[in-house]
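The values are calculated or read from the model by the stated rules, or taken from the named source; none is laboratory data. This structure is a prediction, so every number in the text was calculated from the model and none was measured. Cβ atoms come from the backbone with ideal geometry, glycine included; neighbour counts cover every protein chain shown.
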Amino acid sequence: MLTLFIDTHDSDIRLALILDNKILKEITNKEKLDHSTVCMPTLIKLMEDCQKDVKDLSDIVVVNGPGSFTGERLGVTIAKTLAYTLNIPIRTITSIETCLSSILINDNTYLSLSEKNGYFLALFNNKKELIKDYFYLSKKEYEEFIKENKVLEVKDYDILSSVIFAHQKEAINPHLVNPFYVKKIEVLK
């Protein structure tokens, strides 16, 4: 099974090809350019470096947010388009689940993921099940929140663990895959 992993939720673009639970190649593009000008050339390079064609893909795992409004839309659009045109399964994983997949938690714990103006949070149990839905706090609200709640700030993750975690979920009709927005964009406030 050849899986394409796409993550554009943050300032970095992370793409990987995984063959039978082994990473063939991972590319992290840290260029501070617009994701829309970097993502497709990076994907093409990944496929060429692995001597694979998109027709070889068996499925896609995409990080659908929360994170960058535009980044989420870009990654999800590419994943949906490929899954639909190739008629292959697609699965989503949130940016916090990517980190959750790589760690152990002993009891109910809020996981937080920082962004430039605040934090995305969600509460999980030791079975990695969501207990309290995702929400957003400003930096000031977060400082108060962590005084009374058990919070683990997460940042980095393992791509292979993320793909394995996502493969435990049901595949989704590509038309039903959407970016996962938690924070309202600035113009809607």
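Per-residue answers, yes or no, for (1) in contact with a helix residue (DSSP H, G or I) (Cβ under 8 Å, 6 or more places away or on another chain); (2) in contact (Cβ under 8 Å) with a residue 60 or more places away in the chain; (3) on the phi > 0 side of the Ramachandran plot:
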{"site": "TYR119", "(1), (2), (3)": "yes, no, no"}
{"site": "ASN126", "(1), (2), (3)": "no, no, no"}
{"site": "LEU130", "(1), (2), (3)": "no, no, no"}
{"site": "LYS155", "(1), (2), (3)": "yes, no, no"}
{"site": "VAL177", "(1), (2), (3)": "yes, yes, no"}
Could you list, in sequence order, all residues of the stretch 73-86 that are of a type outside the set (D, E, K, R) and either in contact with a helix residue (DSSP H, G or I) (Cβ under 7 Å, 6 or more places away or on another chain) or under 14 Å from LEU176 (Cα atoms) (or both)? LEU74, VAL76, THR77, ILE78, ALA79, THR81, LEU82, ALA83, TYR84, LEU86
Please verify whether the stretch 99-106 includes one or more residues that are surrounded by fewer than 20 Cβ atoms within 10 Å (Cβ to Cβ), of a type in the set (S, T, N, Q), farther than 19 Å from GLY65 by Cβ and at pLDDT below 95. yes
Can you confirm whether the stretch 18-30 contains a residue that is more than 25 Å from GLN168 (Cβ to Cβ), in contact with an Asp or Glu (Cβ under 8 Å, 6 or more places away or on another chain), exposed (fewer than 15 other Cβ atoms within 10 Å of the Cβ) and at pLDDT below 95? yes
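Sort out which residues of the stretch 127-143 are surrounded by 11 or more Cβ atoms within 10 Å (Cβ to Cβ) and not small (Gly, Ala, Ser), and write them in order of number. Spell out how you get there, then give the answer.
Of the stretch 127-143, the ones surrounded by 11 or more Cβ atoms within 10 Å (Cβ to Cβ) are 128, 130-132, 134-139, 141-143.
Answer for the stretch 127-143, where residues must be surrounded by 11 or more Cβ atoms within 10 Å (Cβ to Cβ) and not small (Gly, Ala, Ser): LYS128, LEU130, ILE131, LYS132, TYR134, PHE135, TYR136, LEU137, LYS139, GLU141, TYR142, GLU143.
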Please indicate, with yes or no, whether at least one residue in the stretch 144-152 is touching an Asp or Glu at 6+ places or on another chain (Cβ under 9 Å), assigned by TED's automatic domain parsing to the domain that holds THR109, modelled with pLDDT of 95 or more and surrounded by 15 or more Cβ atoms within 10 Å (Cβ to Cβ). yes
Hey, LEU15 hits all of (1) farther than 22 Å from SER161 by Cα; (2) without any contact (Cβ under 8 Å) to a residue 60 or more places away in the chain; (3) of a type outside the set (Ser, Thr, Tyr); (4) buried (at least 20 other Cβ atoms within 10 Å of the Cβ) but one; which does it fall short on? (1)
Six or more apart or on different chains, Cβ atoms under 6 Å: show the pairs whose first residue is in the stretch 85-114 and in the same structural domain as HIS167 (by TED's automatic domain parsing) and in contact (Cβ under 8 Å) with a residue 40 or more places away in the chain and whose second is of a type in the set (Asp, Glu) and in a strand (DSSP E or B). PRO89/ASP59
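Among what's in the stretch 64-84 and is in a loop (DSSP other than H, G, I, E, B) and touching a residue at least 60 places away in the same chain (Cβ under 8 Å), pick the residue that is surrounded by the fewest Cβ atoms within 10 Å (Cβ to Cβ).
Taking the candidates together, the pick is SER68.
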